[in-house]
Amino acid sequence: QQQVKQSPQSLIVQKGGISIINCAYENTAFDYFPWYQQFPGKGPALLIAIRPDVSEKKEGRFTISFNKSAKQFSLHIMDSQPGDSATYFCAASMRNDMRFGAGTRLTVKP
Amino acid sequence: NAGVMQNPRHLVRRRGQEARLRCSPMKGHSHVYWYRQLPEEGLKFMVYLQKENIIDESGMPKERFSAEFPKEGPSILRIQQVVRGDSAAYFCASSQTSGTNNEQFFGPGTRLTVL
């Protein structure tokens, strides 16, 4: 049972553009929504996270938008850079149970 | 403060052999999680452990797989009688506390190849 659905599977963006990755979850008990960035051959690293009591969180060029009623959240990368090229995973967590989306491979072209 | 450490980074086994994957959590972390990642796929939860206890093993196959986190030493994920389908990257994560917002820090992973 896939509890977190992520799209698109892959994304190509020009340098300076906006990258948008979307996720939807099913279980309303989830109360913590992190995004992880993973470079090839490395482990995932926490990028930014949000709780459901806020609708948006911004850290530098990265913004999470959260829609509790729709059970959806998205990651926006402003002014995308080639160094942002990586795989991005959304996740949803309750207590110690964390479920990951399938990932989005982002390529930012120079 | 060293991060989560995993070893070996790469492990090659023949079918039927045993694989032992080790994870040392970050200093001060007592919660350990194991995930499996197949090529081009996301992370699949396997097991969650606290010191000397398995809290949730719902994602771990019932046969051939076991995990432990002893009072002293690293957490061990053990795969007996490996098969080709076990080939994957296995990631360990650790957290300081349980409950909401317990950030999980990931190790670099062990890439298991079964010949």
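The values are calculated or read from the model by the stated rules, or taken from the named source; none is laboratory data. No experiment lies behind these values; they were computed from the predicted model shown. Positions of Cβ are generated from backbone atoms using ideal geometry, with glycine treated the same way; all protein chains shown enter the neighbour counts. Areas reflect the complete protein model, heavy atoms only, side chains present, ligands, DNA and RNA absent. Shrake-Rupley method; radii C 1.70, N 1.55, O 1.52, S 1.80 Å.
For region B:69-115, a drop of 20 Å² or more in accessible area on going from the chain alone to the assembled protein chains (1.4 Å probe) is found at B:PHE91, B:GLY99, B:THR100, B:ASN101, B:ASN102, B:GLU103, B:GLN104, B:PHE106, B:ARG111. Rounded to the nearest whole Hz, the Karplus-based 3J(HN,Hα) values (6.51 cos²θ - 1.76 cosθ + 1.60, θ = phi - 60°) of region B:79-94 follow the sequence 10, 8, 6, 4, 10, 4, x, 7, 4, 5, 9, 10, 10, 10, 10, 9, with x at glycine and proline. Given the options B:GLN17, B:GLN37, B:GLN50, state which has the largest fluctuation in a GNM of chain B using a 10 Å cut-off (strictly under) for Cα springs. The residue with the greatest mean-square fluctuation here is B:GLN17.
Once B and A are treated as a pair rather than alone, how much accessible area drops out, both sides summed, in Å² to 100, probe 1.4 Å? Heavy-atom accessible area buried at this interface is about 1700 Å².
For A:LYS109, give me every one of the lysines with a C-alpha distance below 27 angstrom, ignoring sequence neighbours fewer than eight places off in its own chain. Excluding near neighbours in sequence, the set is A:LYS5, A:LYS15, A:LYS42, A:LYS57, A:LYS58. Highest mobility in the GNM of chain B, judged by mean-square fluctuation with C-alpha springs under 10 Å and restricted to B:VAL82, B:VAL12, B:VAL47, is found for B:VAL12. Under a Gaussian network description of chain A, with springs only between Cα atoms under 10 Å, the residue in A:PRO52, A:PRO40, A:PRO82 that fluctuates furthest is A:PRO40.
Distance from a point 7 Å along Cα→Cβ of A:SER7 to each backbone N in region A:67-92: keep the residues under 19 Å and list them by number. In region A:67-92, the label zone of A:SER7 (backbone N under 19 Å from the point 7 Å along Cα→Cβ) covers A:67-77, A:88-92.
Each Lys or Arg adds one and each Asp or Glu subtracts one; over the other residues with Cβ under 14 Å from the Cβ of A:GLN9, this totals 0.
Amide H contacts of B:SER87: B:VAL114, each under 5 Å away and 5 or more positions distant or on a separate chain (H built 1.01 Å from N in the peptide plane; Pro and chain starts excluded).
With every protein chain left in place, what is the accessible area per residue of chain B in square angstrom, probe 1.4 Å?
Details: 5820 Å² over 115 residues.
It amounts to 51 Å² per residue over chain B.
Among the residues of region A:70-110, those with an accessible-area drop of 20 Å² or more from chain alone to full protein complex, heavy atoms and 1.4 Å probe, are A:PHE89, A:ARG95, A:ASN96, A:MET98, A:ARG99, A:PHE100, A:ALA102, A:ARG105.
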